[in-house]
Amino acid sequence: MREETGALPVIRHALYEDALAIAMATLFVAVGIAFYEKAMLVTGGTAGLGLLIHHATGLGFWLVFSLLNLPFYALATWRMGWRFAARTFLAVTLVSLYARWLQDWIDFARLDPVFATILGGGLMGNGLLMLFRHRTALGGINVLAMFLQERLGWRAGYVQLGLDMMILAAAFFVLNPAGIALSILGAVVVNLILAINHKPGRYLGMS
């Protein structure tokens, strides 16, 4: 289905396209988080806060992540519409479920921290990119970043990078210096993927 916006056609995603994208994107994110759990790293956004609480308390990431996102569904509904909020709820639920199931699906005998940083960050960045292009987020900071891009034209990647740095600062109380440095590198990887690929007007598909 095509819609005209100025000179460029906008191609709406079909329902099955949204469903497949969300299912795969959330799996990418969950696998990236599994790397960061094992390597004692954190990332930005609500997922990063969930990892930080997990490392500090031992509570399951899947449970913490689900609870942290509860307050943001109302914001997503108010600012972005109920369809966006429903997709976001689905994505958060899938990441939480995958994170729980991955404990039974994969295990690491050895995991190099630098490799975990790059690959885990790449998986999370590409998963978030897929979700953004299907008007879906993974919590409060994603919602805010997408809202500011749509309303003010600010690039979502740069907005999220600034907010993520504040979350990573809190990790100084939980992680060792090497873990902090690698976590910052991972946040740069994630947000560079978004900043380079999620520019206004570059992608014409929409949900």
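The values are calculated or read from the model by the stated rules, or taken from the named source; none is laboratory data. On a predicted model such as this, the values are computed, not experimentally measured, just so you know. Surface areas here come from the heavy atoms of the whole protein model, side chains and all, with no ligands, DNA or RNA. Shrake-Rupley method; radii C 1.70, N 1.55, O 1.52, S 1.80 Å.
Per residue, how much accessible surface does the chain expose to a 1.4 Å probe? Answer in Å², no decimals.
Per residue, the chain has 49 Å² of solvent-accessible surface.
Any idea what diffusion coefficient the chain gets from Stokes-Einstein, in µm²/s, Kirkwood Rh on alpha carbon pairs, 37 °C, 0.692 mPa s?
Estimated via Stokes-Einstein, D reaches 192 µm²/s.
Rounded to the nearest percent, how much of the accessible area of the chain (1.4 Å probe, protein heavy atoms only) is carbon and sulfur?
Within the chain, the accessible surface is 69 percent carbon and sulfur.
If I build a Gaussian network model for the chain, linking alpha-carbon pairs within less than 10 angstrom, which residue out of Phe61, Phe147, Phe132 has the largest mean-square fluctuation?
Phe147
Which of Gln160, Gln149, Gln103 moves the most in a Gaussian network model of the chain with Cα springs under 10 Å?
Highest fluctuation of the listed residues: Gln103.
Binned at 10 Å from 0, what are the whole-percent values of the Cα-Cα distance distribution for the stretch 35-94, short to long?
23, 46, 24, 6
For the full complex of protein chains and a 1.4 angstrom probe, list Ile53, Ile141 by accessible area with the highest value first.
Ile53, Ile141
In deg cm²/dmol, rounded to 500, what helix-only [θ] at 222 nm does the chain give when every DSSP H run of at least 4 residues adds -39500 (n - 2.57) and the total is split over its residues?
Helices in the chain give a 222 nm mean residue ellipticity of -24000 deg cm²/dmol.
Using a Gaussian network model of the chain whose springs link C-alpha atoms within less than 10 Å, name the residue from Ala178, Ala25, Ala39 with the highest mean-square fluctuation.
Per the Cα network of the chain with a 10 Å cutoff, Ala178 tops the list.
Determine the shape class of the stretch 92-192: with a ≥ b ≥ c the square roots of the Cα gyration tensor eigenvalues, call it rounded for a/c under 1.5, and otherwise prolate if a/b is greater than b/c, oblate otherwise.
oblate
How high is the relative contact order of the stretch 41-112, given as a whole-number percent (alpha carbon pairs under 8 Å, six or more residues apart)?
Contact order relative to length: 24 percent.
Could you sort Glu17, Glu150, Glu37 by accessible area so the largest value comes first, with the probe set to 1.4 Å?
Descending accessible area places them as Glu150, Glu17, Glu37.
Could you rank Leu123, Leu52 by how accessible they are, 1.4 Å probe, largest area first?
Of Leu123, Leu52, the descending order of accessible area is Leu123, Leu52.
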